[in-house]
Amino acid sequence: MNHDYLASTSKDDRKVVAGILLALLSGLSYSSEAIAAKLLYARGLPPLTVLTWRFLLAALIFTLWACRQNAFLVKPSQRRLLALLGLFQAVTVLFLFYAFMYIPAGLAVFLFYLYPTLLTLIEVLFLGIQPNKKRILALMFTLVGLLVIAGPVVNNISWPGFACALAAAIGNAVFLLLSGHSLDELPVTTVSAGTTLSAAAALVLAAIATRTPLSFALDGSTISLLLFLVLVPSVLALTCLLAAIARLGPGRTAIVATTEPFFTVLLGFLILGEHLRLHELIGGIIIIFAVLIERSGN
């Protein structure tokens with residue numbers, strides 16, 4: 001067998017494994033968002049205030065990082081793409097927040113994590129990309145796992161909440177597709193900086209439009225929680241997510257990132273002392289099995 005072929009195959013395999021590990025780390029990092037946010041909300045901070053400061057500070061870190069690497073020289077067309085990325089990210093987090101106001105968290109999470117399926121449908125209908133059988137099988141297992149994690153709350157439908165959660169899922173699917181396109185031309189640092197800057201601008205405008213105060217009482221615990229929210233489920237999570245997309249593509253990354261709801265439940269059990277129910281554990285195992293199917297599809 002040709003040694004060059006073996007070396008190429010081994011390199012591709014390592015690239016896929018690295019992409020899956022990055023997507024898993026991204027999911028784990030994003031899952032800590034709910035924990036930090038709950039603790040900040042308990043201190044009286046409005047969700048939009050938390051989201052706005054989260055993206056403002058993340059944008060500052062990413063911008064300094066991009067400037068340090070001289071990675072901020074972009075064409076006008078690329079600038080528009082980064083603005084779109086930020087807009088879809090802001091829309092996604094806002095719609096998801098409003099979904100939580102109308103429907104139970106389990107149902108909101110189930111509807112939001114339909115985005116890997118929606119992403120695959122967009123690829124098939126508009127981009128002509130046909131998923132292989134293992135991709136379809138992995139998607140089916142993720143849907144079953146999410147349904148099991150959501151539990152009986154899927155029977156409690158509020159149409160405004162349903163619409164908001166579905167809009168968040170569509171927004172996230174488009175965000176991942178645009179991320180994959182932008183990463184063909186730009187490095188992760190530039191995409192991260194441009195995305196968070198645009199998202200922060202959109203959230204500031206939303207805060208002004210809704211007259212949501214951006215000031216809050218400064219104390220050690222609040223600052224620590226906010227910094228954690230910025231550094232882990234924002235900077236680390238987005239960096240790993242974009243790096244995973246660069247290696248796996250949007251579709252495969254979305255399936256692996258579906259482990260996030262299970263990680264959220266697990267962290268809630270370990271940190272907040274929330275109950276870990278049997279159906280949540282079973283659902284998490286099913287999703288992990290879906291990831292293994294996707295891995296074997298390399």
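The values are calculated or read from the model by the stated rules, or taken from the named source; none is laboratory data. As the structure is a computational prediction, the values presented were derived from the model and not from experiment. Please note: Cβ atoms are built from the backbone with ideal geometry, for glycine as well, and neighbour counts cover all protein chains shown.
Counting only helices (runs of 4 or more DSSP H) that sit wholly inside the stretch 221-298, those with at least 2 residues that are without any contact (Cβ under 8 Å) to a residue 24 or more places away in the chain and farther than 14 Å from Tyr30 by Cβ are 260-271, 278-296.
Val91 falls short on exactly one of the conditions (1) out of contact with any Lys or Arg (no Cβ under 8 Å at 6 or more places or on another chain); (2) crowded, with 22+ Cβ neighbours inside 10 Å, and that condition is (2). With respect to Ile122, determine if the residue is in contact (Cβ under 8 Å) with a residue 60 or more places away in the chain and either surrounded by 19 or more Cβ atoms within 10 Å (Cβ to Cβ) or not hydroxyl-bearing (Ser, Thr, Tyr) (or both). Against the criterion (in contact (Cβ under 8 Å) with a residue 60 or more places away in the chain and either surrounded by 19 or more Cβ atoms within 10 Å (Cβ to Cβ) or not hydroxyl-bearing (Ser, Thr, Tyr) (or both)), Ile122 does not qualify. Listed by first and then second residue, the pairs linking a residue in the stretch 89-102 that is hydroxyl-bearing (Ser, Thr, Tyr) to a residue that is assigned to a helix (DSSP H, G or I) and surrounded by 20 or more Cβ atoms within 10 Å (Cβ to Cβ), with Cβ atoms under 7 Å apart and 6 or more places separating them unless they lie on different chains, are Thr92/Ala168; Thr92/Gly171; Thr92/Asn172; Thr92/Phe175; Tyr98/Cys164; Tyr102/Gly161; Tyr102/Cys164. Does Ala202 count as in contact with a Leu (Cβ under 6 Å, 6 or more places away or on another chain) and more than 17 Å from Ala36 (Cβ to Cβ)? When the stated conditions are applied, Ala202 passes them.
Looking at the structure I just gave you, is Leu218 out of contact with any Lys or Arg (no Cβ under 8 Å at 6 or more places or on another chain) and either in a helix (DSSP H, G or I) or buried (at least 21 other Cβ atoms within 10 Å of the Cβ) (or both)? Even if it seems obvious, please write down each step before you answer.
Details: out of contact with any Lys or Arg (no Cβ under 8 Å at 6 or more places or on another chain): yes; either in a helix (DSSP H, G or I) or buried (at least 21 other Cβ atoms within 10 Å of the Cβ) (or both): no.
Considered against the rule, which asks whether it is out of contact with any Lys or Arg (no Cβ under 8 Å at 6 or more places or on another chain) and either in a helix (DSSP H, G or I) or buried (at least 21 other Cβ atoms within 10 Å of the Cβ) (or both), Leu218 comes out as no.
Going residue by residue through the stretch 192-200, is there one that turns out to be crowded, with 21+ Cβ neighbours inside 10 Å, within 17 Å of Pro250 (Cβ to Cβ) and within 21 Å of the chain's Cα centre (by Cα)? Yes: one or more hits. Selection within the stretch 30-55: residues that are surrounded by 19 or more Cβ atoms within 10 Å (Cβ to Cβ) and either aromatic (Phe, Trp, Tyr) or over 27 Å from Leu266 (Cα atoms) (or both). The member of this set that is modelled with the lowest pLDDT is Tyr30.
Please go through the stretch 34-83 and pick out each residue that is in a loop (DSSP other than H, G, I, E, B) and without any contact (Cβ under 8 Å) to a residue 24 or more places away in the chain.
Restricting attention to the stretch 34-83, the residues satisfying the condition of being in a loop (DSSP other than H, G, I, E, B) are 42-46, 69-75.
Correct list: Ala42, Asn70, Leu73, Lys75.
None of Ile293, Ile255, Ile286 is touching an Asp or Glu at 6+ places or on another chain (Cβ under 7 Å) and over 22 Å from Ala36 (Cβ atoms) except Ile255.
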